Amino acid sequence: MKKQTFLTGSLLLTASALTAKVLGALFKIPLTAMLGGTGMGYFSCAYGLFLPLYAVFVTGLSTAVARPTADYAGRGNYAAARYVRRVARMLFFWAGLAGMLIAAVCAKSFAARTSPEAFPAVLAITPAVLLCCLTAVERGYYEGLCTMTPTAVSQAVEALAKLICGLVGCSFFLKHPLPGMTCEAAGAFGAVLGVTASTLAGLLCMVFRNCLGRQETSSQPHPSAGVVVRLLLSVMIPAALGALVTNLTSLIDLMTVMHCFSDLLHTDPEAFYRGTDIPGSIPTGEAAAFVYGSFMGLSITVFNLVPSLTNMLAKGVLPCTAQAWASGSRREAAGYARQVLLLTGLAAIPAGCGIFVLSGGVLKFLFAGREAEIHAAVSSLQWLAPGMVFLCMTFPVFSLLQAVGKEKLPVLLMLPGIAVKLIGNILLLPHLYTVGAALSTSLCYLVILIPSLLCLRKTLGEPLHLAGLLLAQCYSGVMCAAAAWLCYTRLPLPQRLSLLLSVAAGAGVYVLCMLLCARRTLVKGLFRTDTHIHT
């Protein structure tokens, strides 16, 4: 099996994630049009339960399999690498089954605390926990071998299946709701069923890849099952806890936003309608779900677009850095860290600056025709933009810490950020509504990122020389946003064409500024891992 370089593997994963995001947008945009704010609130409630369980049972799993697989493959012991996968399949089948049962048992009480109409959708997502566990084992194995193609292909297949099955399921159940369901609840149920079906498609894609794949041979002995289980859990538990803490931001929003908005509607409905900028035609009983659904379905959807892409760089750098660290090459590990952080900044910083100034235009472009939802979401998206940049930069830092044996650090580093998120929601939601949730999210990820970078630098023991280049990226990002805003507000063109030209103009200004500020050092930092870069 041919090993891929960090850049090749990361570009494959990023291309796959980009394909998945395009397909995801083709899913979410018509889904929002079909369900409206209220239906998207029910759909988001299902994800509100699924994401923490996904974090515990799935997110750390591919990392847990990739880390020991990379270690054994780096020593040429492919028999041990395959044995890691075999043990992981058995271990995480039972873990996924437990997660599925926990989700099914908790579905009704969870829906009762958020939105009782969302119960069918919440129940429909539960099998995805088991299916995602099984898929993550296979992806982690190939990622540990520095072969990202299977993961990239399965992600694209899963996204395509979600698009087709989700929209078909939503359309069918909207027209044929089950007894006792409203149309919005039935549509959300059908869409979630489609999402669950897509996770099965991703698993079947990996099974098919295993049947076709050629296995490397090795005569070296493999470790015992007990040793492998300890290795897997030693990586998975901290990674899972870290992912859980990350997803707690969405869970905090779900629990605090809905509860706070319900109280505000009860005490002063006129102030709530005025503060959230929603039309009076929305019934009072649906207003909280409408605003929350608009926030999650529009603002958070756009917020997650870029991090989901840059997270592929983090996945790609982990096995390469782990192998370099295991061989004692700190300079090479620091080089990989420099590469991934520069690449992440190149994508995240201009995107964040652009979304900050063009939030309204982006929402109108993606969700045309949903004017009420856009009005409710535009301000919150604007203040989520800085947090998007911080989150993008945090992903590779955590991945690098996991690669060098510091799996527990991300969990500890995220706890202060989660505290900031919770306190921020409590203090800001009654006054700023969803803008308060957005501000607390951005502050949360800033509080996480700064100490994480300091810990990475200390752990590597090698200078990264990133300050000058990151400052150049920030300056170029500001210039990019200014150019995009001027074009968007001054061009007398149709909205969509104006936005596209503004994005192109901003991208051109960003590239020009980066070339003027840091052309030589940027090229060295991106393509060399064995030398220090001075700015």
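The values are calculated or read from the model by the stated rules, or taken from the named source; none is laboratory data. These figures come from a predicted structure and were not determined experimentally. Methodologically, a virtual Cβ is constructed for each residue, glycine included, from the backbone with ideal geometry; neighbour enumeration extends over all protein chains shown.
Got at least one residue in region 390-399 being in a helix (DSSP H, G or I) and farther than 29 Å from PRO68 by Cβ? Show your work before the answer.
Just the residues of region 390-399 that are in a helix (DSSP H, G or I), to begin with: 390-399.
This time we only want the ones that are farther than 29 Å from PRO68 by Cβ, so: 390.
Yes: one or more hits.
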Worksheet, complete the sentence: Within region 402-423, restricting to residues that are in contact with a Pro (Cβ under 6 Å, 6 or more places away or on another chain) and of a type in the set (A, V, I, L, M), the one that is farthest from LEU231 (Cα to Cα) is LEU413
Worksheet item: Within region 34-45, can one find any residue that is closer than 30 Å to GLU371 by Cβ, among the polar types (S, T, N, Q) and under 18 Å from the mean Cα position of the chain (by Cα)?
Response: yes
Worksheet item: If you scan region 154-177, which residues turn out to be of a type in the set (D, E, K, R) and either outside any helix (DSSP H, G or I) or more than 27 Å from CYS133 (Cβ to Cβ) (or both)?
Response: LYS175
Worksheet item: Which of the residues spanning region 259-280 are outside any helix (DSSP H, G or I), touching a residue at least 24 places away in the same chain (Cβ under 8 Å) and on the phi < 0 side of the Ramachandran plot?
Response: ILE278, PRO279
Worksheet item: Within region 521-534, is there a residue that is among the β-branched types (Val, Ile, Thr), surrounded by fewer than 15 Cβ atoms within 10 Å (Cβ to Cβ) and modelled with pLDDT of 85 or more?
Response: no
Worksheet, complete the sentence: From the option list LEU178, LEU193, single residue qualifying as at pLDDT below 90 and either assigned by TED's automatic domain parsing to the domain that holds ARG67 or in contact with a helix residue (DSSP H, G or I) (Cβ under 7 Å, 6 or more places away or on another chain) (or both) is LEU178
Discussion item. Looking at LEU53 and the list (1) modelled with pLDDT under 75; (2) surrounded by fewer than 22 Cβ atoms within 10 Å (Cβ to Cβ); (3) of a type in the set (A, V, I, L, M, F, W, C), which single condition is not satisfied?
Written reply: (2)
Practice prompt. Would you mind stating whether SER198 is out of contact with any strand residue (DSSP E or B) (no Cβ under 7 Å at 6 or more places or on another chain), of a type in the set (Gly, Ala, Ser) and modelled with pLDDT under 85?
Written response: no
Discussion item. Please count how many residues of region 94-113 are surrounded by 16 or more Cβ atoms within 10 Å (Cβ to Cβ) and touching a Ser or Thr at 6+ places or on another chain (Cβ under 9 Å).
Written reply: 5
Worksheet item: Which ones in region 139-154 are surrounded by fewer than 23 Cβ atoms within 10 Å (Cβ to Cβ) and farther than 21 Å from ALA322 by Cβ?
Response: VAL153
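Restricting attention to region 422-473, which residues are within 14 Å of MET388 (Cα to Cα) and touching a residue at least 24 places away in the same chain (Cβ under 8 Å)? Break it down stepwise before answering.
First, the residues of region 422-473 that are within 14 Å of MET388 (Cα to Cα): 437-449.
Hits for region 422-473 are ALA437, ALA438, LEU439, THR441, SER442, LEU443, CYS444, TYR445, LEU446, VAL447, ILE448, LEU449.
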Worksheet, complete the sentence: Those residues of region 336-362 which are among the aliphatic types (A, V, I, L, M) and either under 23 Å from GLY468 (Cβ atoms) or crowded, with 24+ Cβ neighbours inside 10 Å (or both) amount to ALA337, VAL340, LEU341, LEU342, LEU343, LEU346, ALA347, ALA348, ILE349, ALA351, ILE355, LEU358
